[in-house]
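Trainee: Structure provided below as structure tokens; questions to follow.
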Amino acid sequence: MDEVLDAAVCVSSAHRVARGEARCWPDNPEILSDGPSCAIWA
């Protein structure tokens with residue numbers, strides 16, 4: 001059951017990112033030395 005819940009949350013988050021409605025935590029993420037930001041998007 002945990003895998004089903006995890007998959008549902010991933011789909012929901014991906015849908016929000018695709019619609020441009022995702023939020024970033026923290027608001028001003030740290031930029032890592034190799035380029036990408038260290039943030040959670042949901």
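The values are calculated or read from the model by the stated rules, or taken from the named source; none is laboratory data. Quick caveat, the model's predicted, so the values are computed rather than measured. When we count neighbours, we look across all protein chains shown, and the Cβ atoms used for this are built from the backbone with ideal geometry, even at glycine.
Trainee: Restricting the search to region 15-29, which residues are more than 8 Å from residue 42 (Cα to Cα) and within 9 Å of the chain's Cα centre (by Cα)?
Mentor: Passing the criteria: only 25.
Trainee: Right, here's the next one. Would you confirm, using the coordinates I've provided, whether residue 19 is loosely packed, with under 10 Cβ neighbours inside 10 Å, without any contact (Cβ under 8 Å) to a residue 40 or more places away in the chain and among the basic types (Lys, Arg)?
Mentor: yes
Trainee: Those residues that are on the phi > 0 side of the Ramachandran plot and modelled with pLDDT of 90 or more, I need them from region 3-42; list them, please.
Mentor: Once the filter is applied, which keeps residues that are on the phi > 0 side of the Ramachandran plot and modelled with pLDDT of 90 or more, region 3-42 yields only 20.
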